[in-house]
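Visitor: Following this message is one structure expressed as structure tokens.
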Amino acid sequence: MTPLFAQNHDYSKYLVLAVDDIPLNLLLVQKMLSRFNFRLKTAANGQQALDFVAVEKPDLILLDLMMPMVDGFEVIRRLRANPETADIQIVILSALNSNEDVVKGFNLGANDFIMKPIIMEKLLNCVVTQMQLVEAKQKSK
């Protein structure tokens, strides 16, 4: 079911970066978000995500935690430490679901945490809410 506040809204101006080392997970996120026309880019690991953000700043990052090279926790740490990227909305999508992992993600600066397997309605509601926060930030500038 599509969130009521998402209907009839054009999200094509927003750039979402999905980061996961499992291609099927990226495909799933892409399929879930395609109906809203987000500009969606993908990265296969944390280093690719950081490289992408250095060139183009997304409005939202959907971030897995368990990845090779640079894990999601380190991605959050680096993004929040850089004034240029500190305000990017970050939603963790992870199979890591211990209280410790959730708390660590929030303490590092994640805006939300969705546990895998991903439920489409939950992801859509979360993404739309994050876009509303982005819009509110832009209006207050």
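Visitor: How long is the gain from M66 to R39 if the chain were fully straight, where each residue apart is worth 0.36 nm and the alpha carbon distance is subtracted?
Guide: Full extension from M66 to R39 adds 7.3 nm.
Visitor: Among residues other than N97 whose Cβ falls under 15 Å from its Cβ, what is the net charge (Lys/Arg +1, Asp/Glu -1)?
Guide: So the surrounding residues net to -1.
Visitor: Further question on the same structure: Please give the net charge around I22, taking every other residue with its beta carbon less than 13 angstrom from that of I22, where Lys and Arg add +1 and Asp and Glu add -1.
Guide: Charge balance in the 13 Å sphere: -2.
Visitor: Sticking with this one: For the pair H9 and I119, what calculated FRET efficiency results from E = 1/(1 + (r/R0)^6), where r is the Cβ-Cβ distance and R0 = 25 Å, to the nearest 0.05?
Guide: The calculated FRET efficiency here is 0.75.
Visitor: Now for a different question. Mind ranking 40-51, 96-107, 60-71 by how tightly packed they are, going by the mean number of other C-beta atoms within 10 angstrom, highest first?
Guide: By packing density, highest mean first, the sequence is 60-71, 40-51, 96-107.
Visitor: If packing is taken as the mean number of other Cβ atoms within 10 Å per residue, what is the order of 11-23, 109-121, highest first?
Guide: The peptides rank, most packed first, as 11-23, 109-121.
Visitor: Starting from one equal scatterer on each C-alpha and no solvent at all, send me the Debye-based log10 I(q)/I(0) for segment 4-135 at q = 0.13, 0.16, 0.21 Å⁻¹, two decimals.
Guide: At q = 0.13, 0.16, 0.21 Å⁻¹ the computed log10 ratios are -0.47, -0.73, -1.33.
Visitor: Over the chain, what is the mean sequence separation of C-alpha contacts under 8 Å (at least six apart), divided by residue count, expressed as relative contact order in percent?
Guide: Worked out over the chain, it gives 22 percent.
Visitor: Could you give the DSSP H helices of the chain that reach 24 angstrom or more along their long axis (alpha carbon positions) and whose average Kyte-Doolittle hydropathy is no lower than -1.0?
Guide: Taking the DSSP H segments of the chain (at least 24 Å long, mean hydropathy at least -1.0), we get 120-140.
Visitor: What value, in deg cm²/dmol to 500, does the helix sum -39500 (n - 2.57) over DSSP H runs of n ≥ 4 give at 222 nm once divided by the residues of the chain?
Guide: Result for the chain, helices only: -14000 deg cm²/dmol.
Read-outs throughout are calculated quantities, based only on the coordinates presented, and are distinct from any laboratory measurement. Treat the numbers as computed from the prediction; the structure is a model and nothing was measured. We place every Cβ from the backbone using ideal geometry, glycine too, and count neighbours over all the protein chains shown.
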